[in-house]
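The values are calculated or read from the model by the stated rules, or taken from the named source; none is laboratory data. Keep in mind that this is a model prediction, so the values were computed, not measured. Virtual Cβ from ideal backbone geometry, glycine too; neighbours counted across all protein chains shown. Note: areas computed on protein heavy atoms with side chains; ligands, DNA, RNA excluded. Shrake-Rupley method; radii C 1.70, N 1.55, O 1.52, S 1.80 Å.
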Amino acid sequence: MLGLMQSQPLLISGLIEFAERHNGDAEIVSRRVEGDVHRYTYRDAAKRSRQVANALDGLKLAFSDRVATLAWNGYRHFELYYGVSGSGRVLHTINPRLHRDQIAWIANHAEDQVLFFDLSFLPLVQAVHARCTSIKHYIAMCDEDKLPKDSGVPNLISYEKLIAAQSSDYSWPSFDENTASSMCYTSGTTGNPKAALYSHRSSTLHAYAAALPDVMNLSARDSVLPVVPMFHVNAWGIPYSAALTGCKLVFPGPALDGKSVYELIESEGVTFAAGVPTVWQMLLGHMKPANLRFSKLKRTVIGGSACPPAMITAFQDDYKVEVLHAWGMTEMSPLGTLCTLKNKHDALPEAEKMKIRLKQGRAIYGVDLKIVDAGGKELPWDGTTFGDLHVKGPWIVREYFKGEGGDPLVNGWFPTGDVGTIDADGYLQITDRSKDVIKSGGEWISSIDVENIAVAHPAVAMAACIGVAHPKWDERPIIAVAKKPGMDVSRDELLKFYEGKTAKWQIPDDVVFVDAIPLGATGKILKTRLREMLKDYKLPTA
Ligand code: ADP
């Protein structure tokens, strides 16, 4: 017997319709590429999203055609999130930090028909458009009077002119909720990038889950700043969860330096912000010397790479901001786990609570986790046994776009490429990427643990640990360090700093000082490049 409740597909258009009808006057504030601050409401955004949908019809785009963006976090990008997906096309957010060759490659692979771009990316578009053979229309996300003349980009029109000609009357179509809504290519540190193809259903379920109290805890009382980019994994789904909750939304545009982000947090009364550790490092680096404080910021979700304990302590003790450590990946839409404490932890001493907060957290309902050994056998949840982390759930990839890379699943589970432990309470701790873990004398050393200790040293700005071949131990860890400007630490001082903080055999064999740690397109340490930089390096002990 079937239930007798109404059946309504979970569609992305439903989110913006809800926001317009029930939280229409909630604000959306954007720092623009032009440098000024733009304000309007969900009601305005919904209306302009419908104009976008009409404009795409006018461009004769078919159902499921791919529409690409090269854009910062801002209101026009938000309108595209809804106008493109809501009308049944697929929003392909391209990461502008990727190499030009990769951008051209993925635009062709996705068979993008239209490219919307912020003016800051005009030089990039000029460099790649001749190679993007499927793109027929280029839209600069600006006012008509800002449209560059003689840019050399074919069929270039301004966003404002495109939508001004359109009616805001539009009925969002209804279709199967499993239809593709957006896509995002993984950064592809090895081989060609592969695309995760999200659906309306997966994105809506993820939006519900992300808003839960034990996840981002978003509500209509919040002012939310996604510093995480809308060009990578849908800004962790915040543009969808925001419309679902009716929170105030604050978009930082291209200004991600500590000063700009701090000023926006203060001027817009931001209560919740989401970002990767490298961005928060810039924020804290700006605040500390000037002795600045937050007036309203209460929570921040930090993920994308391991959040150093020193950062959690700084936010919590110096600024009274709760850090929620999160783990996920492109293939998971991206949220997998988030770290909040349980009722039974309430009476624990602060130091014990901190030990839990450092972990990547518990699975969100909708995500199942397991750790397995090399033979695929499930390993115990004891907090010490580590294994390959496998996941499954309704917002986790089943297959990559166009079947690239074959069937990624192992017995129905997606192997994440991460290694971790899970404790008896279900808290996941990521030890490492499986390719970065250091295998020393039959034992494994977590490069994350080695890095976390180094960045706790006051003179260290950033640190990256890699394994180097060793005749006796197979591999030994070394740590590459970029110092804070004007600060100093010697090799021996830093190695001494490790004593008592970790087992002796886990202390790196050497310290290599570098001007800057190489970062990839998503702000993560690019260990492949670091290994290349240090290819002639010889261990002092080897
Ligand atoms: P890409 O490298 O393609 O940008 P993602 O942005 O999807 O990929 O990154 C996913 C990976 O980032 C995870 O598999 C994991 O290795 C790492 N990661 C994400 N969050 C955390 C975290 N909180 N702690 C440690 N590693 C993390």
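For region 126-170 versus region 433-450, the inter-centroid distance based on Cα atoms is 48 Å.
Could you compute Rg(Cα) / (2.2 N^0.38 Å) for region 159-272, with N its residue count? Please report the intermediate quantities before stating the final value.
Numbers: Rg = 16.7 Å, N = 114, 2.2 N^0.38 = 13.3 Å.
Compared with the compact-globule rule of thumb, region 159-272 sits at 1.25.
Dipole size of region 49-152 about its Cα centre, with +1 on Lys/Arg Cβ and -1 on Asp/Glu Cβ: approximately 160 debye, rounded to the nearest 20. The residues of region 47-149 expose on average 32 square angstrom of accessible surface per residue, using a 1.4 Å probe on protein heavy atoms.
Put a dot 7 Å past the Cα of Ala461, heading toward its Cβ, do the same for Lys504, and the two dots end up 3.5 nm apart. Only Cα pairs under 8 Å and 6+ residues apart enter the sum, and on that basis the relative contact order of the chain stands at 10 percent.
Toward the positive end of the charge dipole of region 256-435, with +1 on the Cβ of Lys and Arg and -1 on the Cβ of Asp and Glu, the farthest Cα among Val321, Gly304, Pro334 is that of Val321. Just list whichever of Lys342/Lys435; Lys342/Lys392; Lys47/Lys259 have alpha carbons separated by over 25 Å in the model shown. Violating the 25 Å limit, Cα to Cα: Lys342/Lys435; Lys47/Lys259. Equivalent ellipsoid of region 329-407: semi-axes from √(5λ) of the C-alpha gyration tensor, largest first, are 29, 16, 9 Å. With just the Cα atoms defining each centre, how far is region 198-244 from region 521-542? Give it in Å. Cα centroid to Cα centroid, the span is 35 Å. Solvent-accessible surface of region 256-435, taken per residue with a 1.4 Å probe and all protein chains present: 42 Å². Close Lys pairs in region 440-533, defined as Cα atoms under 20 Å apart and 8 or more places apart or on different chains, number 7.
Estimated from helical segments only, the mean residue ellipticity of the chain at 222 nm is -8000 deg cm²/dmol, where each DSSP H run of four or more residues counts as -39500 (n - 2.57).
In degrees, nearest 10, range 0 to 90: what is the angle between the Cα axis of helix 200-211 and the longest Cα principal axis of the chain? That works out to roughly 60 degrees. Taking the accessible area of the chain, probe 1.4 Å, and keeping the other protein chains in place, the carbon and sulfur fraction comes to 52%. What is the P(r) of region 389-482, as percent of Cα-Cα pairs per 10 Å bin from 0? Binned Cα distances yield the sequence 14, 32, 29, 22, 3.
Where nothing but the Cβ of Lys and Arg (+1) and of Asp and Glu (-1) is charged, how large is the charge dipole of the chain around its Cα centre, in debye to the nearest 20?
On the way: 59 positive and 62 negative charges, 46 e Å.
Once rounded to the nearest 20, the dipole reads 220 debye.
When all alpha carbon pairs of region 256-435 are counted in 10 Å bins from zero, the resulting P(r) reads 9, 34, 30, 20, 7, 0 %.
Rolling a 1.4 angstrom probe over the protein heavy atoms with all chains in place gives region 440-533 an accessible area of 48 Å² per residue.
If I take every Cα pair under 8 Å that is 6 or more residues apart in region 256-435, average their sequence separation and divide by the length, what percent do I get for the relative contact order?
Details: 331 pairs, mean separation 27.0, N = 180.
Taking the mean separation of contacting Cα pairs over the length of region 256-435, I get 15 percent.
Computed over the chain, the quotient of the alpha carbon radius of gyration and 2.2 N^0.38 Å is 0.98.
Full extension of the chain between Lys439 and Asp36 yields a length gain of 140.0 nm, computed as 0.36 nm times the residue separation minus the alpha carbon distance. Estimated translational diffusion coefficient (Stokes-Einstein, Kirkwood radius over Cα pairs, 10 °C, 1.306 mPa s) of region 345-452: 104 µm² per second. Diffusion of region 440-533 by Stokes-Einstein, at 4 °C in a medium of 1.567 mPa s and with Rh set to the Kirkwood radius over alpha-carbon pairs, works out to 95 µm²/s. Here Leu292 and Ala347 are evaluated by their C-beta separation; at R0 = 25 Å the FRET efficiency comes out at 0.15.
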